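I have placed the structure first, in the form of C-alpha cells, so that the comments after it can refer back to it.
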Amino acid sequence: MASVNLKELAKEFGSNRIVQGINLDIAHNEFIALLGPSGCGKSTTLRMIAGLESVSSGEVLVDGLVVNDLAPKDRDIAMVFQDYALYPHMSVYDNMSFGLSIQRVPKSEIHERVLAAAQALNIANLLDRKPKELSGGQRQRVAMGRAIVRRPKVFLFDEPLSNLDTKLRAQMRTEIKRLHQQVATTVIYVTHDQVEAMTLADRIVLLRGGLIEQVGTPDQIYNHPASMFVAGFIGSPSMNFVPGVLTQDASAVHLDCGPPVTLSLSTEQTLRYRAHGGRRVIVGIRPENILPASGRGEGGADLCPILDMIEPLGSDTLVFFQLGEAQVVARLPPSTRAARGTSMALQVDAQQLHLFDPGTEKAL
Ligand SMILES: Nc1ncnc2c1ncn2[C@@H]1O[C@H](COP(=O)(O)OP(=O)(O)O)[C@@H](O)[C@H]1O
Ligand SMILES: [Mg+2]
C-alpha cells in the first residue's frame, strides 16, 4: 500500500500540451477512478505514473518519494491493460508466476502467492490451462492475477474491461470491487465508463482536455456537479438542460418554453441563489427528478407536455418531450401509462434542480 501524489504533472507531445498540470493526492488504499471522454489524457497520465511515459514537467510521488527518474520496474507499481497479452504457450500458473520467477522469489512463496490470488479471482481450477482454453473474462482475471501476485504498492488499470461483453463487464466490475475489499491496495483505474467509475471508486477524478474538471466522491460528483460538463457526463440518460431566468428574489425559476413553466425553489435554494436573482440561468434537471403528477390531479402538475417518444426499459420507462428549444427526457416508473402524441401531467422535483451560469457553464 502506498500514497500517490501528482504535482503540476504535465505532458507535451511536440507542441500539444496533452496533460496540463494535474495536482492530485491519493491516499493509502484509496480507489481512484480517472474518468473522462476519449482523448482527455487519462492513459497518458496513468503511463506517466507507471513510468512508461516520460514526464514533461511536474512530479509523481509514491509514498512521498519522487519517482520521475525511476524505471517502471523499480516503482513497485503493477499495471493491467485493456489488451492483457498473456503468454499463449504458458499455462495460467506459469503466466501468473513468471514475473516472480524472474525476480528469483523462492518457489514455495511463488506457489503460495499464485494460489492465494487464484482463489481470490476464482480461477484456482484453471491453473493448468493455456490462455486459448479460457473465456475473455477468465483471461482478464489471469491478467489481474499476474499483477496481484507481485504485491505491488499501487495498481494501475487502464480500461481493463473494455474488451468484455456487457454482462461480463458488470460481473467483473463487482469482482474488482470485492477484490479491492479483500486485498487492500491503492488503485488508480482509468475508464470512460461513468458506471464503472461510480460503482468502483472512492473518489472520481473527472478529466477534460488534460485538466481536472472535478474531484469528489461518487455522491459529490452526482449530486453536486461543479459544471455542466460534469453534470452531463455522469448519469444516464444525461441531465436535461433547459434555459431559464431566476426571479429577482430567487424564489423561483421560469423555464424558457411555450406555455409558462415556473418552478418554485425552497428557502434554502433561495438563500443560496439570492446573489444571482434576475439572471439568465441554465436549469439542470435529472431525468429521475421528473415524476408523474397523477395523484395530485392536473392542477398540481408543473408541466403537461406532448410526448414525442416512449422507451420502455422494463425497470423504468423513458419519455421524451420538448420544452421550448430543449429536448427533455424523464425516467418514470414502468407502471406509468404513456403514449406517443398524448400529453402527460408531470411534476419536477424542484429541490433537486441544478443551476448553471450560461456563460461559464459552472454551477451557481
Ligand atoms: N505518443 C503520442 N504522441 C502524440 N500524441 C499522443 C501520444 N499518445 C497520446 N497522444 C495524444 O494525447 C491525447 C490523449 O491521449 P490519451 O491519454 O491516450 O487519452 P485517453 O486515454 O483519455 O483516451 C490524444 O489526443 C492522443 O492522440
Ligand atoms: Mg486511454
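The values are calculated or read from the model by the stated rules, or taken from the named source; none is laboratory data. If you're wondering where the values come from, they're calculated on a predicted model, not measured in any experiment. Backbone-built Cβ (ideal geometry, glycine too); neighbour counts: all protein chains shown.
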Go over the candidates 73, 107 one by one and state the one that is more than 18 Å from residue 155 (Cα to Cα), in the same structural domain as residue 18 (by TED's automatic domain parsing), out of contact with any Leu (no Cβ under 8 Å at 6 or more places or on another chain) and more than 15 Å from ligand 1 (Cβ to nearest atom).
107
Of those in region 117-138 that are assigned to a helix (DSSP H, G or I) and modelled with pLDDT under 90, the residue surrounded by the fewest Cβ atoms within 10 Å (Cβ to Cβ) is 119
Filtered residues of region 328-340 (kept if surrounded by 14 or more Cβ atoms within 10 Å (Cβ to Cβ) and either part of a loop (DSSP other than H, G, I, E, B) or free of Cβ contacts under 8 Å to residues at least 12 places away in the same chain (or both)):
336, 338
One residue from 313, 255, 265 being surrounded by fewer than 20 Cβ atoms within 10 Å (Cβ to Cβ) and outside the structural domain of residue 228 (by TED's automatic domain parsing):
313
Restrict the check to region 140-155 and report whether at least one residue is assigned to a helix (DSSP H, G or I), more than 26 Å from residue 103 (Cα to Cα) and more than 16 Å from ligand 1 (Cβ to nearest atom).
no
Considering region 11-69 alone, what residues qualify as being surrounded by fewer than 19 Cβ atoms within 10 Å (Cβ to Cβ), away from ligand 2 (no atom under 16 Å from the Cβ) and on the phi > 0 side of the Ramachandran plot?
14, 21, 29, 58, 63, 64
All but one of (1) more than 15 Å from ligand 1 (Cβ to nearest atom); (2) in contact (Cβ under 8 Å) with a residue 60 or more places away in the chain; (3) basic (Lys, Arg) hold for residue 42; which doesn't?
(1)
